[in-house]
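Note sheet for the following structure.
The values are calculated or read from the model by the stated rules, or taken from the named source; none is laboratory data. These figures come from a predicted structure and were not determined experimentally. Reconstructed Cβ throughout: ideal geometry from the backbone, glycine too, with neighbour counts over all protein chains shown. Side chains are part of the model used for accessible areas, which takes the heavy atoms of the whole protein and leaves out ligands, DNA and RNA. Shrake-Rupley method; radii C 1.70, N 1.55, O 1.52, S 1.80 Å.
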Amino acid sequence: MANIRGRDFLTLQDYSPEEIQFILQSSFEFKRERAYGEFRKPLRNKTIAMIFQKPSTRTRVSFEVAMYELGGTALYLRWDDLQLRRGELISDTARVLSRYVHGIVARVYDHKDLEELAEFATVPVINALSDLFHPCQALADIMTIIEKKGRLKGVKVAFVGDGNNVCHSLMIACSKLGADIAVATPKGYEPKEFVIEWTMENASHSGSQVVITNDPIEAVENADVIYTDVFVSMGMEHETEKRKKDFEGWQVNKELVSHAKKDFIFMHCLPAHRGEEVAPEVIDDPVHSVVWDQAENRLHTEKALLALLI
Ligand code: CP
Ligand code: NVA
């Protein structure tokens, strides 16, 4: 059995397919137990610090509830309320927090800040979203695909939109676990080159098919899953006007999804902007859209992650 206790969780690329499956298996167990009103409390007397530089609804609430249900406590700490705002070093903050808490969950603009936190903390550091990755989201995404499709091998996942943090983590997760992944972005918004290389390398082991294209129809053709995210991520607001123009015609709407399999599912990490990256009739479609189950699964995957790492 895999053992990941004490590890940081900055990107899924650091985890083997077996370790990711192990986290997912535990997530399904937590979900099942909760449905029966059973609450294991492996983190009694444990505390995590949650440092956030950016807003959050799902990540913050799911981690806080997860920690509570596991018997522990979560401290929500806005970056600006800490001495970090007045210039205390990340490395010093990491060392001090490690004397108080058993894990650190952090949402940052610059992924390098997370790496620095992890380097100096002596407790596990979990990425709650950075400019490059959103691995906790990808865990819930994969859990949702398994629930809805019953498998990953041979499932075609199409991501349409900005080649951003959510896209990166989805590419890594799919290619590690054997799902096919097709990413379509406008020119200039492709995923980072190093993430494409990781994805190709993962796929050479798992057998996933990988497509990176500037044609949304090519990506969505025959897809089992259609996934999109906002065109303007947190921290990119200064590019809003330019992105509005560059993403014209990139909405996931009725026409685009008509190219997918009949029983496709629609996914979005949320928050969504109806009328921008997705048409209301797609995200609110009660048959195809699984966004609420996907959001719920953040809780179960985070419980598993906390219980296994701490
Ligand atoms: N999907 C997600 O991470 O949502 P929040 O920004 O609300 O945490
Ligand atoms: N790509 C989005 C995801 C939000 C959960 C962002 O970084 O703002």
Quiz item: Taking 0.36 nm per residue of separation and subtracting the Cα-Cα distance, what length does fully extending residue 255 through residue 109 add?
Solution: 49.1 nm
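Need the full-extension length gain, residue 88 to residue 197, defined as separation in residues times 0.36 nm minus the C-alpha distance. One decimal, nm.
Values: separation 109, 0.36 × 109 = 39.24 nm, distance 3.60 nm.
Result: 35.6 nm gained on full extension.
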Quiz item: Could you give me the ³J(HN,Hα) list for segment 83-97, computed from phi with Karplus coefficients 6.51, -1.76, 1.60 and θ = phi - 60°, whole Hz, x at Gly and Pro?
Solution: 5, 4, 4, 9, x, 4, 5, 4, 5, 5, 4, 4, 5, 5, 4
Self-check item: Cβ crowding within 10 Å averaged over residues, with 167-177, 190-200 ranked highest first
Solution: 167-177, 190-200
Quiz item: What list of ³J(HN,Hα) couplings, whole Hz, do you get for segment 29-46 from phi and the Karplus terms 6.51, -1.76, 1.60, once you set θ to phi - 60° and write x for glycine and proline?
Solution: 5, 4, 5, 4, 4, 4, 4, 8, x, 9, 10, 5, 10, x, 10, 4, 6, 9
Quiz item: Label-point separation (nm) for residue 204 and residue 221, each offset 7 Å from Cα along Cα-to-Cβ?
Solution: 2.6
Quiz item: Which shape class applies to segment 121-222: rounded if a/c is under 1.5, otherwise prolate when a/b exceeds b/c and oblate if not, where a ≥ b ≥ c are the square roots of the Cα gyration tensor eigenvalues?
Solution: oblate
Quiz prompt | Total charge dipole magnitude, segment 82-219, about the Cα centre, Cβ charges on Lys, Arg, Asp, Glu only, Debye to nearest 20 | solution = 500
Exercise. Quick one: dipole size for segment 171-243, taken about the Cα centre, charges +1 on Lys/Arg Cβ and -1 on Asp/Glu Cβ, in debye to the nearest 20.
Key: 120
Quiz item: What's the center-to-center distance, using Cα atoms, between segment 223-302 and segment 108-148 in Å?
Solution: 21
Quiz prompt | trypsin sites (Lys or Arg not before Pro) restricted to DSSP loop in segment 231-310 with at most 16 other C-beta within 10 Å | solution = 261, 262
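Label segment 1-151 by shape, choosing from rounded, prolate and oblate, from the square roots a ≥ b ≥ c of the eigenvalues of the Cα gyration tensor; if a/c is under 1.5 it is rounded, and otherwise prolate applies when a/b is larger than b/c, oblate when it is not.
Details: a/c = 1.81, a/b = 1.51, b/c = 1.20.
Prolate.
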Quiz prompt | Ellipticity estimate at 222 nm from DSSP helix runs (n ≥ 4, -39,500 (n - 2.57)) divided over the chain, nearest 500 | solution = -13000 deg cm²/dmol
Practice problem: Treating cross-link reach as a plain straight distance, find the lysines whose alpha-carbon is under 16 Å from the alpha-carbon of residue 254, omitting any fewer than eight places away in the same chain. | Solution: 262
Quiz prompt | For segment 111-125, 3J(HN,Hα) per residue [Karplus equation, 6.51 cos²θ - 1.76 cosθ + 1.60, θ = phi - 60°, Hz, x = Gly/Pro] | solution = 3, 4, 5, 5, 5, 5, 4, 5, 5, 9, 6, 9, 10, x, 10
Quiz item: How many Lys pairs in segment 50-199 lie less than 24 angstrom apart by Cα atoms, where the lysines are 8 or more positions apart or on different chains?
Solution: 12
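So if we plug the beta-carbon distance of residue 99 and residue 284 into 1/(1 + (r/R0)^6) with R0 = 45 Å, what FRET efficiency do we get, rounded to 0.05? Could you put the intermediate results ahead of the total?
Working: r = 48 Å, r/R0 = 1.06.
Computed FRET efficiency for residue 99 and residue 284 comes out at 0.40.
Dipole of segment 1-110, Cα-centred, from +1 at each Lys and Arg C-beta and -1 at each Asp and Glu C-beta, to the nearest 20 debye?
Details: 18 positive and 14 negative charges, 67 e Å.
Dipole about the Cα centre, nearest 20: 320 debye.
Compute the length gained on full extension between residue 34 and residue 245: take 0.36 nm times their separation in residues and subtract their Cα-Cα distance, giving the result in nm to one decimal.
Between residue 34 and residue 245, full extension yields 71.5 nm more.
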Practice problem: For residue 230, enumerate residues with amide H under 5 Å from its amide H, sequence gap 5+ or separate chain, H modeled in the peptide plane. | Solution: none
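Taking the solvent-accessible surface of protein heavy atoms with a 1.4 Å probe, what is the per residue accessible area of segment 188-298 in Å²?
Here the per-residue accessible area is 51 Å².
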